[in-house]
Each structure stands twice: as structure tokens, then as C-alpha cells.
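Note sheet for the following structure.
Read the figures in this text as sums done on the coordinates, not as results from a lab. As the structure is a prediction and not an experimental result, all values here were calculated from the model. Note that we place each Cβ from the backbone using ideal geometry, even for glycine, and neighbour counts take in every protein chain shown.
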Amino acid sequence: MSFLKKTSLTILLLLTLLAISIFILEYREYNGTIYHHFEKYGKVEISRDNYGISHIKAKTFLGAAFGQGYAHAQDRLFQVFLKTKLGRGEMSTLKGESGIPYDIFFKTLGLKRIAEEIIAKLPKEELEIIQAYCDGFNLYQKELNFRPIEFIITEASLQEYTPVDIMINDRMMFLLLGYEYVFEPIRTSLANQFNEEIAIKMFAGSSDSQFVDVIIADDEDLKRQNLYEKFVKGQSFSHRAEFTEEQKQAFISFSLQDVLLEIQSVPNGSNAWVIHGNHTKSGKPILASDPHLTNNIPCTQYQNEIIIGSQFYSLQIILNTFFINQKDEGISAIGTSLAGFPLIQNGRTDYVAWGNTVLFADTSDLYKEEIKDDKYLVDGELRQIKTIQEKIFIKGREDPYILDVKYTHRGPIISYKFDKFAPSPLIQLLFLASICQNGEIKQATQIRATQIILRAKTHKQVLEGFGDIVGPVLAVSYATADGDIGFYGYGKIPIHKNTIQSQFIKDGTTTEQDWVRFTTPQEQPQAHNPRKGYIVTANNKFATDNMKGFLSVNMNSTPRAYRLSQMIEEYIKNRKKIDVEDMKKMQADTVDAYGCDILPHLFKLYKERARVILKKEEFEQGLRMISHLEGWDCRIDANSYQATIFMGWEYFFAKSLLHQFQSTEYDRQFLTMGHLFEHFYLKEIQKWSIEGNQKDFDQFWCKTEENKEQQFSCLYNLFIAFSKVESYMEKEFGTSEVKKWEWGIIHTNNYPHTAFANIPILNKIYNRSVQSFGNRRTVAVAIQNWRFGSFSSAYGANYRMIVDMDKNGKDFWITDTGVSESVLSIHYDDQFKIHKNFGYLNMERGLISYKKNQKHLKVLEYQKQYLVHYCLVCITQYATESQVQEIFMSKA
């Protein structure tokens, strides 16, 4: 045999062994019986359908949580492991020194310390459910013969999942869904350089700075809920912290928010809306929900069902119900969970359906502190700083990094900035700021509240459940089988001494802007059965300015809410009843409603003024581009070249703005290319077109080196952006044939793997990408990543759900990838193409569907059941317990 042939056979053998090894490490067994020793959980069944979705059947909530923990671990073990490591502040054990900035940030916030305090005083019933979930999760880990491949590649060990870890992940959501403080540094920097009015306008922080104002609860809704209080414009905002010139310069490059912006590059959001039965074909409410989180594979959302109680129809259940008076739950709840946390967070039962979105209430603040030695100044007095020492263990280093976390009465002191480009990423600031956020609340009610919702049989009970939730602060749209619809902003919202919310870093030397209490359930923003017959919650302003406490004064509206309202109003106007197919069309809608509104103004301005501002060649280039938008339907479809031109124009226009802002380039683009700033510049363009006042055509925020000789800098930026599109897109697409510039080619929706996104070879295997539709303003959202010079997206609707509350209606759901994190599983991405094409899976629930759709069955069996069986067999023979045990062990 030749050397070459031997070598080839050796390589083939090695590759075969490697493939077999990977298969063994990645394989998930969905069938069979696993024995456990937890008597209180009893027998639990995990049925899997054709898409690997788990349907968990148990006798009690404890059994359901136990089964959920097992299923979540089976499908998302590494995802949960990584999230937990991040929240614990232990990334350095995996990443080495590059993980230190993250660990300092999360150790400073103290999520683990908060979680430990919460768990120590959590009521018994809630703690038992959390422990049941952990027991199921750890049962799966214990049965593994090998670590999954993700753990081997990252050199990580399996880690027992604990109730504290569950609460860490819970508090992580508080932080990531309530990050108003991330914007405060940039607003304060704007106010320091210009003034507060400019800063508020540029962040769309007032009602009159909205391009289009769409709110959830109007004045009528507020009055019905006794939440109306007239807002008087002109009342002063809270005192903004004062800075010396030296502190200003340090603050201008202050990048505290970079840590979070690295974790998630865009704000989280979602769409949810509900239509009253008066406007539906079935006469019952229909609800749609599509949460938006950063794209990942596996998906953030986890589809599952829990069936609890009488669905077992066992002799034991009947005996317990009638003779032992044990409560029979009789619950079938289906929807999504966040892996790592029990029960259902977004879904439906027989009685109620609900969909969550981010409320964007102000639940976090930064305070500039004046420190003297180990004390800080408040109201003219020095108070003692509390210090907690934390250790950060680092891969490759023997000695831990010692971190002294310092606390004021408001929260931990952030004493550094994080610059990822610096040789040493941690740089001391010239000032100190404490952070106050509602994740510090030492109370957790999510389990109890979710149980109330899942058990609810009346509208009042549903509201009781929502009102019991501490956080995170979210907006929920809901519908009941009785025909009620509503919106409820749940989670505790802080109330300040000065009730008008400030948008800037606050002066820590006074308690005038301290949090004094939190909203009560009655004070939460809400609206029930509104007269208009529908509710849209798409991260839009949750109430008019006239809400008690003025909690909504600084909120902004969203184009998604605007477009959804347009479509629903069109149905109502035409007296067309809505069904689930109509709701699907709405979820797939790609119309840029703001784009439609601004186009006439762009046409008018270009026609009237561009020729005298641009050079001839520039004018003709721009004219060719803008002419393609004549007659365009404003749809940001994947195959639309007009969408490419329009989005290219907006990119170059936004890129040209606010160069006078003395900040990092990253922070400038974070503002000018973000979703808040578009209100400002679109409103300005509209004003230029309507009023035609020449003094508005040249403003400081339009000035650049390129246009310094221009009389009208703003119009120049507006027009030259169209000219730049032609040359840029010709280069990008490699052709001057405009109709080949399809949006989806440059606007790919990317799904990076949780761990291997940036590792060569592995990222080709694990990552997914697809040519996509939409932008940040469309209902079918896919946010372009402009801040990094890209038109691609890493953010969209990870999950879509439509629920018809008619008893004969059909429900639908889909996620963007699949349920499994194993790349060798067919369920790794088996929903990917369906999701891309706006397809759906039937969302079937209950015992009949459980049996009909069963493809796999995993049984978690309590061992003592077999012991009882053998006792019953042997008791007539007067066998001793030890004899029965011996028989059992031999049979097992």
C-alpha cells in the first residue's frame, strides 16, 4: 500500500472518529425513562413533537417545574451556563483577562449578592418551584457521560444550577430591559456642551419632539383608571449634576455603557397588539405578540407547554382529589420561557393570552457623588460609604483580582470607564457615580404572580397576577376568554421626590431626586377594554403626559406602533372584521410608515432647492437616486432596490450629523444613528419643507468639515446623501444596474452562536445568516447595524405568536431558529426558513394534542413507585420491607 494511500486512510479514519465523537457529545436522547429520587415531583412526562418542542405533563406545579428544568437543560445547557457566568461576574474564568471588565461591572452591580438575599427570604411555595426546576436541570447534567462539545472547546466544567442562579438570571433581565441610565451619560454630555433643551429634543424626550405621537393609554383611559393628573408644561426638571471643565472632558469619553452595548448592541423591544371581539370575525379577542431580542442561535425564547393536574386522569389523581382534598390544578399553559427560568412568560391558557413588550419606564438612574475619603456628601452631611470586597478569579492566573465595591444609600459606585480599545481597558474616571436600579429590590414575585395568571378564571384574577409582579418592568397586552382586552404596565416603577423624571445624571449631593417609593398596582400604567376596540404595545409611549406621577413625560413613540395603528384603523374604517390571517399579514408588514410620511418632503425639497446647492454632477447623481423612489410603496422588502436607495440615503444623512458634538465617534453614532434621534431629524426635515425658513437650513448639528463652505449645511447634507448612494451601492453590489441592488443582499439577518460566533471554522458551522426584509421602523423588524458601518442586522422578532380566544379558533407560533443548541440536532434550525418566510407552526395544546403530536417521550419516573408496586405484590406473602427493597433493587 502506497504512503499516500495509507495517509489518506489514516486521515479518513481520524475524521470518522472525530465525527463519531462529536455526534456522541452533541446527541440528545428524547426517548426513554430516567429514574429520580424526588418523591414530591412524582412521574413527569416530556413529550416532543415534530419540531422537538417539549410538552411537559405533571401532576403538580412542582412536577412541571422539575420537567421544565430537565427539558431546558437538555436543549439549552450551555446557553444557561454562559448567561449565569456573566451574571455572576465569572467570565474571566473562561475568557481570561479579557473577561475582567465584564466581571468588574457585574460584581459591582452585585447581582449574585442581591439574588442570595432574595432567595434567603423567598416564601416556601415559590422557593420549592425554583428548587424543583434546578433539580430537573441538574438531573440532566448528572446523567451525562460526557461534557457537551461547547464545554470541551471552552474548557469549562459543568456547574450545578441553583436557586441563586435562577435569581441572577432574573435580575439580569431587570438590568437589560431597564437601562435608561445607559442613555443618561450621552444626554448629560449633550447638555454640558449645548443645553438641556437640545439634549431632550435630540433624544425625543418630550411630547412635542415626537415625529408622530402614538400612545397606549389616552386621557380617557387614564380617567377611567383614576390615573389622570393634568401636566403643566414648563415645570422644571430635576437638578442636573454640575461638572468642572476637567470632569466634562473626562465625561465626554465616558463609556460606562459600552459594557452593556457589547452585550446587546441595540435596545430590546417588541410588538404586541390585541383586537376586541367587536372587530374580529369570531367575536372573540385575537392577540399577536412578537418579542424582539438580539439574534442568537440558539434563540433566546424557548417554546414549551406545561400540562398540570387532571389531564393525567390517573387513579392516584382521582383519589387525591376526592378523598385527600388535594387541589387538582387542571392547567394547560403554552408559550415561551427564558431558558434558565421556570413556567411560561409569554403565552396562553384556556382563559387568558398575553404578550410582553418593554415598557421603557425610567427604572435606573446615575448620581454624581462627591466623595471625601470613605464618606460621601448628601444634604450638607457626610455619610459613611459601605465597602464589600469581591474576588475575580482569572483563567491562567493564580492570584485573584481584588475588587472593592463601594455603596452609597442609592446603590453601588461606578468608579471606572471601560475602553475596549485601550491597552488597559479599565480607566479610572475623574468623577464617581452611583447607580440606582430597580433590580436592587430585594423581593421576587415572578413565580407567585405567574401561578396566579396560569390559574386565573376571571379578569380580576388576571390583573391581580400582573399587579403582583415586581419586575422587570414590561408592558403586557392581554385577552381573556370572556372577551376582555387590556394593557398593563407591570413591575415596580420608582417615584422620585421631584415627580417629573430627569433624563440626565443627577446631583448626588442632594436627596431631591432620590427614589422615595415604588408605584402600587393601582398606579401602574394600564387600560382595559378601551373604546377604540384595540390596544397596541410596541414600545411606544405608554400614556399621555397627564398620567399621575408624570411617569410618561419623557417617553417616546415608535413607528411600529404608528404602522400597526394605521392598519387596524383601516380595517375598522372599512368595517372589515379581523381574523388570524389578517394578524399574520400585520406581523409580516414591511412598510416604513415614517418613510412614507417623509418622502413627499424629500421630493419637494430636492425639486425646489437641490440644484442650487449641489454641483451639477452631484445633483444629477442624487436626482437619479431620488427619482427611483417616485411611486414606491415604502415597503422594505428583501427584493426591493428602492428600499436600498432610501436606507442608503438615510445612512449617509445620519452619518453627517452632529459632528460638533465633542464626544467619542462611537457615542456620536450611537446617538445620530439610533432610533431616538430619527424623531429629531425627520421632524426637522418636515419643518424645512413646510415652513421654508432659510435660517433653519444651516444649524450647528449639520456642520461638518465637508460642508464648511456651504450656506445651507443641513440641506447640503440632505441632498449630498442621495448623491453618495449611487457610488457607494455601485461599489457594494459591483454593478450600476440599480434594480439589482436588492435590500436583502446587503441587509442580512445574522444569528451568531452564543459561544462560537467569532471563532474561525466553528463560526461557519454554528452561525446562521439570511437575506432579510425590514428595518428598525417596520413591524417586521430587522434593525440595520449602522453604528458599525454595516447594513446587516443582528436583531429581530425572535418569536411570533397569534392567539384566537374563540374556543374553536387556531393558534400559531414560530421561533427564528429552533429549540436545540446542538448543531447536529435537526431542531437546531428547523424553524429558521419557516420564520424567514413568515410561516407558522400550529400552537396546539392540551391532552389530545399532547398524544396526537407525540414523536418522542421521555419519562422522569420516581423510583419509589416501583417499590410500592412490589410491596403490593408481596404484602400477601408478609414480606418485610428489606425483602421488598431487595426485590426492587434486583429488578431496577
Report task. Could you calculate, for the chain, the ratio of the Cα radius of gyration to the Kirkwood radius, expressed as Rg to Rh? Result -> 0.98
Requested in this report: Looking at the chain, send over the antiparallel percent of its DSSP beta bridges, to the nearest 5.
Outcome: 85
Report summary line: With DSSP loop assignment and no more than 12 other C-beta atoms within 10 Å, the trypsin sites (Lys or Arg not before Pro) in segment 586-619 are K615
Report task. With everything on Cα atoms, drop me the angle between helix 641-655 and the longest principal axis of the chain, reported from 0 to 90° to the nearest 10. Result -> 70
Query raised in the report: Considering the dipole of the chain built from charges on the beta carbon (Lys and Arg +1, Asp and Glu -1) around the Cα centre, which of L762, Q660, N498 is farthest to its positive end?
Result: L762
Query raised in the report: How do the peptides 218-226, 391-399 rank, highest first, by the average count of neighbouring beta carbon atoms within 10 Å per residue?
Result: 218-226, 391-399
Report summary line: Helix 163-176 sits off the longest principal axis of the Cα atoms of the chain, rounded to the nearest 10 on a 0 to 90 degree scale, by 20
Report task. Note down the magnitude of the dipole of segment 576-703 about its Cα centre, charges +1 on Lys and Arg C-beta and -1 on Asp and Glu C-beta and zero elsewhere, to the nearest 20 debye. Result -> 320
Query raised in the report: For N842 and D597, FRET efficiency with R0 = 25 Å and r from the beta-carbon atoms, rounded to 0.05?
Result: 0.10
Requested in this report: Place a +1 charge on the Cβ of each Lys and Arg in segment 141-190 and a -1 charge on the Cβ of each Asp and Glu, then give the dipole magnitude about the Cα centre in debye, rounded to the nearest 20.
Outcome: 60
Query raised in the report: Between Q854 and R531, what FRET efficiency comes out of the Förster formula 1/(1 + (r/R0)^6) with R0 = 56 Å and r the beta carbon distance, rounded to 0.05?
Result: 0.80
**Report entry** Simple label model, 7 Å out from Cα along Cβ direction - E665 to K40, nm
**Finding:** 5.8
Report summary line: Length gained if Q193 through E220 is fully extended, taking 0.36 nm per residue and subtracting the Cα-Cα distance, is 5.7 nm
Query - Pairs beyond 19 Å (Cα-Cα), from K724/K836; K85/K112; K85/K107; K281/K851 - result: K724/K836; K281/K851
Requested in this report: Compare the peptides 188-194, 130-136, 452-458 by average per-residue count of other Cβ atoms within 10 angstrom and give them in order, highest first.
Outcome: 130-136, 188-194, 452-458
Query - Peptide ranges 489-498, 572-581 listed from the most packed, as the mean C-beta count within 10 angstrom indicates - result: 489-498, 572-581
Query raised in the report: Once fully extended, how much extra length lies between K95 and K607, figured as 0.36 nm per residue of separation less the alpha-carbon to alpha-carbon distance?
Result: 178.7 nm
Query raised in the report: Under 20 Å Cα-Cα from K740, which aspartates and glutamates qualify once same-chain neighbours fewer than 8 residues away are excluded?
Result: E630, D633, D637, E650, E726, E730, E732
Query raised in the report: Taking a 30 Å limit on the Cα-Cα distance, which of the listed pairs K457/K855; K59/K492; K230/K375; K532/K683; K95/K201 fall beyond it?
Result: K457/K855; K59/K492; K230/K375; K95/K201
**Report entry** Net charge dipole size for the chain [Lys, Arg +1 and Asp, Glu -1 on Cβ; Debye, nearest 20]
**Finding:** 1540
**Report entry** S727 paired with E581, simple spin-label distance in nm, labels 7 Å along Cα-to-beta-carbon
**Finding:** 5.1
Query raised in the report: Could you give the nm distance between label points at D698 and E155, where each point is 7 Å from its Cα heading toward the beta carbon?
Result: 6.2
**Report entry** With Cα atoms, 0 to 90° folded angle of helix 616-627 axis to the chain main axis
**Finding:** 40
Query raised in the report: What full-extension length gain, to one decimal in nm, is calculated for Q461 and E691 as 0.36 nm per residue of separation minus the Cα-Cα distance?
Result: 77.5 nm
Report task. Enumerate the aspartates and glutamates that K833 could reach by cross-link, defined here as Cα to Cα under 12 Å, with residues fewer than 8 away along the same chain left out. Result -> D816
Query raised in the report: Given the pairs K541/K739; K541/K687; K121/K391, which span a C-alpha to C-alpha distance of over 29 angstrom in this model?
Result: K541/K739
